[in-house]
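K.L.:
Below you will find the structure I want to go over with you.
Here, each number is a calculation from the coordinates, and none is a lab measurement. Just so it is clear, the structure is predicted and the values come from calculations on it, not from any experiment. Here the Cβ positions follow ideal geometry from the backbone for every residue, glycine too, while neighbour counts run over all protein chains shown.
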Amino acid sequence: MTKINEIPLLDGLTLARAVKACGLAETGGQAKLVIREGMVLVNGSVETRPGTQLAAGDTISMEGHPAWRVTG
């Protein structure tokens, strides 16, 4: 079974902030770029809006990287 990492739900946690915090991108600008290019999945579906608000239980994934689950 694949291990899913966890990221705590912080007030106003956006997809771009989470992608950077999880190490899927080195900078906020890079996070926005990979999201807009359709490289990030939220709950198994492509999400292209960097400002998408995340909720507890959401899963973030990107090909070649471990998945992350929002906890809180």
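K.L.:
Provide the per-residue ³J(HN,Hα) series for region 29-37, in order, calculated from phi with Karplus coefficients 6.51, -1.76, 1.60 and θ = phi - 60°, each as a whole number of Hz, with x at glycine and proline positions.
P.N.:
Ordered by residue, 3J(HN,Hα) equals x, 5, 4, 4, 5, 5, 5, 4, 7 Hz.
K.L.:
For the chain, which GluC sites (Glu not before Pro) are in a loop by DSSP, counting at most 11 other Cβ atoms within 10 Å?
P.N.:
26, 37, 63
K.L.:
Using 7 Å Cα-to-Cβ label points, what is the residue 67/residue 45 separation (nm, one decimal)?
P.N.:
According to this spin-label approximation, the distance is 1.6 nm.
K.L.:
So, one more: Order by neighbour count: 9, 54, fewest other Cβ atoms within 10 Å first, most last.
P.N.:
With the fewest neighbours first, 9, 54 line up as 9, 54.
K.L.:
Within the chain, report the trypsin sites (Lys or Arg not before Pro) that DSSP leaves as loop and that have at most 16 other Cβ atoms within 10 Å.
P.N.:
Passing both the DSSP loop test and the Cβ count: 3.
K.L.:
Which entry in (i) 16.6, 57; (ii) 10.7, 33; (iii) 11.9, 37 matches Rg and Dmax of the Cα atoms in Å derived from the coordinates of this structure?
P.N.:
(ii)
K.L.:
Hey, can you grab everything whose amide H is under 5 Å from the amide H of residue 58? Only 5+ residues off in sequence or another chain; H modelled, so Pro and N-termini drop out.
P.N.:
Here 70 satisfy the definition.
K.L.:
Here's a follow-up. Once you keep just the Cα pairs under 8 angstrom separated by 6 or more residues, what percentage relative contact order results for the chain?
P.N.:
39 percent
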